[in-house]
Amino acid sequence: MSAPPSTRRGAALALIAAAQFMVIMDTSIIGVALPRMQEDLGFTQESLSWVFNAYVVAFGGLLLLGGRLSDLFGARRMFSTGWLILLVGSIIAGAAGNVGVELTGRAVQGVGAALIAPSALTLLMMLFGHEPRELTRALALYGAAAPAGGTAGVFLGGVITEYVSWPWVFYINIPIAVIALIATPALMPAGGAGARGSIDVFGAITVTLGLGAAVYAIVRAPEVGWGSMETWAMLIAAVVLLGVFLVIQASRREPLMRLSIFRIPNLGAANLAQLMLGAAWIPMWFFLNLYLQQVLGYTAFPSGAALLPMTILIMIGMIVLAPRAINRFGPKTMIVSGLLLLAAGMGWLSLIRPGGNFLVDVLPASLVAALGMSLAFIPSLGTAISAAPPQEGGLASGIVNTSYQVGSALGLAAMTAVAASYGANQLGDNTALTDGFSAAFIGAGLIALLGAILAGITLKSARPEPEAMHSDRSGDAQAAGGR
């Protein structure tokens, strides 16, 4: 493996963190711009949600393929390819003059993100995996970039929509993509491609369509009904397609996802924790923003600014607090504790009032939830990607990213249905809206609580500290505590 000198690894890590920041930001930056896009492009109320869903389905559904391509053809090559595709998709989405072109652009952006995310994690492991202490710090910065990107997307989307115009929520990606394309050859290691092999095209198609069908069914269910023929047909199709995918993976010599990888201790459990984190965190962030705007009356810019304290605490928690806590207490303790704190923050948020205010109803509870997220995210991410052998780093990265993204999509869809059933669809009625949002916070809190219970049951306690992650790969024989 040809790695860049240590003096340039900081710049490489900054680029990797920027990649994570961008792919997550692109899921949230369009939120405030949707009404303007609806007016300009002619979206119906039903089709408008697919400006978000087209990106998420393509992103989540193709992550496993992105990880496999990273293993076969090299992480640096796939990293650059992903940025190029994201750039093209951003141009299409920003210049769109109708619904079809807009959704095409968003889907293309999702394809680019599906290549960037797993290759970025693989490059991080290539750069820092042989130095356990540095790996923990690098994972902390990488992990902090995800929630920061989600929150920054809301804030920047409000600023851009209010003071510039909505196409720039897509055009903002262009200069960053150009910089990434120029910097990648100089900063990133050139190695990482595994032995030559084939691409499981049929497996990629079935898993992508299966995940897409599941997301589509749950997103549409609040509108067409959970008992409708459409909902059940799509859910059955999702189960069949995912079942076919598993059969293919079990029988194929070179599968897209080696199923036996889940026999590795803690890999499956850590991915389950990531799925539950996404399913709890994203609904909390989504409905908190709606409460600020639709009940407390914040406009786009102040609503984004109100989320900054939460973002700052997440950054501090992931970069400073989480690594030290993991070193002292171990990954399992921190995953369980973080999920419990996240659940507690959700429970506190459920006490919001129609006539509430930011300092009493939002700030303290959101900070508790943010602290829980920051403490659970890093150890679950690190455990999930460090368990796999180096030659399957792209696969492990693709699996953990898929877990979080699919959890996010399914959790948000389910909590949207819960919120609507308690009145969150009654715009203008602050009491009904608050009841609906409160129900969503309770539901998301129960997801986090369930995640804590499952993590406590399925994760195996270990003794080495997280600094020892990958010490076996680097040939370093010294023990550093227990994981």
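The values are calculated or read from the model by the stated rules, or taken from the named source; none is laboratory data. The model shown is predicted, which means the values in this text are computed figures rather than measured ones. Neighbour counts run over all protein chains shown; Cβ positions are idealised from the backbone, glycine included.
So Arg68 ticks every box in (1) at pLDDT below 80; (2) at positive phi but one. Which box is left unticked?
The number of the failed condition is (2).
Every residue, every condition in (1) of a type in the set (Lys, Arg); (2) outside any helix (DSSP H, G or I); (3) at pLDDT 80 or above, yes or no:
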position	(1), (2), (3)
Gly356	no, yes, yes
Val362	no, no, yes
Ala365	no, no, yes
Leu371	no, no, yes
Ser374	no, no, yes
Gln391	no, no, no
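Restricted to region 155-174, and to residues that are aromatic (Phe, Trp, Tyr) and either part of a helix (DSSP H, G or I) or modelled with pLDDT under 85 (or both), which residue is farthest from Ala113 (Cα to Cα)? Before you say what the answer is, go through the steps one by one.
Narrowing region 155-174 to residues aromatic (Phe, Trp, Tyr): 155, 163, 166, 168, 170-171.
Of the ones still in play, those that are also either part of a helix (DSSP H, G or I) or modelled with pLDDT under 85 (or both) are 155, 163, 168, 170-171.
On the way: Phe155: 21, Tyr163: 27, Trp168: 18, Phe170: 14, Tyr171: 15 Å.
Among those residues, the one meeting the criterion is Tyr163.
Of all residues in region 439-463, which are closer than 15 Å to Ser380 by Cα and not in a helix (DSSP H, G or I)?
Result: Leu459, Lys460, Ser461, Ala462.
Hey, among Ala11, Ala75, Ala95, which residue is surrounded by 21 or more Cβ atoms within 10 Å (Cβ to Cβ) and among the small types (Gly, Ala, Ser)?
After ruling out the rest, the residue left standing is Ala75.
In region 207-253, what residues are among the hydroxyl-bearing types (Ser, Thr, Tyr) and under 21 Å from Val56 (Cα atoms)?
Quick first cut of region 207-253, residues among the hydroxyl-bearing types (Ser, Thr, Tyr) only: 208, 216, 228, 231, 251.
If the condition is that a residue be among the hydroxyl-bearing types (Ser, Thr, Tyr) and under 21 Å from Val56 (Cα atoms), then Thr208, Tyr216, Thr231 are the ones that fit.
Considering only region 248-338, give the helices (runs of 4 or more DSSP H) lying wholly within it that have at least 3 residues that are modelled with pLDDT of 80 or more, under 28 Å from Thr458 (Cα atoms) and touching a helix residue (DSSP H, G or I) at 6+ places or on another chain (Cβ under 6 Å). First the steps, then the outcome.
Working: elements: 267-290, 300-306, 308-316, 322-329.
By residue number, 267-290, 322-329.
Go over the candidates Ala93, Ala177, Ala146 one by one and state the one that is part of a helix (DSSP H, G or I) and modelled with pLDDT under 90.
After applying the criteria, what remains is Ala146.
Find all pairs meeting these conditions: Cβ atoms under 6 angstrom apart; at least six residues apart or on different chains; first residue within region 421-432 and of a type in the set (A, V, I, L, M); second residue modelled with pLDDT under 85 and surrounded by 15 or more Cβ atoms within 10 Å (Cβ to Cβ).
Listed by first residue and then by second, the contacts come to Ala432/Gly423.
Under 8 Å between Cβ atoms, at least 6 apart or on separate chains: pull out the pairs that start in region 140-165 with a residue that is under 30 Å from Ser386 (Cβ atoms) and end on any residue that is of a type in the set (Asp, Glu) and crowded, with 21+ Cβ neighbours inside 10 Å.
Gly153/Asp26
Collect the residues in region 122-136 that are in contact with a helix residue (DSSP H, G or I) (Cβ under 6 Å, 6 or more places away or on another chain) and either aliphatic (A, V, I, L, M) or in a helix (DSSP H, G or I) (or both), keeping them in residue-number order.
Across region 122-136, the qualifying residues are Thr122, Leu123, Leu124, Met125, Leu127, Phe128, Pro132, Arg133, Glu134, Leu135, Thr136.
Does Gly225 fit the bill of being at pLDDT 75 or above, at positive phi and not assigned by TED's automatic domain parsing to the domain that holds Ala409? Steps first, answer last, please.
Values: at pLDDT 75 or above: yes; at positive phi: yes; not assigned by TED's automatic domain parsing to the domain that holds Ala409: yes.
Yes, satisfied.
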